[in-house]
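A.B. asks: Handing you a structure now.
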Amino acid sequence: MNTFFTNTLGISESTFSYILLPLLIFLARITDVSINTIRIIYVLGGRRLTATILGFFESFIWLMAITNHRAYAVHRIINHFKKVNFHSE
């Protein structure tokens, strides 16, 4: 996902890391919670099949958001350790 935005669209890596990725995760979580609310309404209304389908998409969106967040966190940790200079005194 990072390469799509940086190479194809020409967005810098720092802009992607600090602005675009958190915004995408935020929007994914808003969508996830909204689908969950609608799903619970359908469950209470007795529409199980629709609720099941909505649950699938809710889980899928949540997994995509958390996967991107974890990949971003691991990338930041690795870059931090690449920049650290270990001096012996």
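All of the numbers you see were taken from the coordinates with simple rules; none came from a lab. Every value quoted in this text rests on a predicted model; they were computed, and no experiment measured them. For neighbour counting, all protein chains shown are included, and Cβ atoms are generated from backbone atoms with ideal geometry for every residue, glycine included.
A.B. asks: Any idea how far apart residue 38 and residue 56 come out in nm if each label point goes 7 Å out from Cα toward Cβ?
C.D. replies: It works out to 1.5 nm between the two label points.
A.B. asks: While we're looking at this one, here's another question. From the phi angles alone, apply the Karplus equation (6.51, -1.76, 1.60; θ = phi - 60°) to the stretch 16-33 and give each ³J(HN,Hα) in whole Hz, x where the residue is Gly or Pro.
C.D. replies: Calculated HN-Hα couplings, in order: 5, 5, 9, 10, 6, 5, x, 5, 5, 5, 4, 5, 5, 5, 4, 5, 4, 5 Hz.
A.B. asks: From the phi of every residue in the stretch 35-52, what ³J(HN,Hα) in whole Hz does the Karplus formula 6.51 cos²θ - 1.76 cosθ + 1.60 yield, where θ is phi - 60° and glycine or proline is x?
C.D. replies: Per residue, the Karplus-derived 3J(HN,Hα) values read 5, 4, 4, 5, 4, 5, 4, 5, 4, 5, x, x, 9, 5, 5, 4, 5, 5 Hz.
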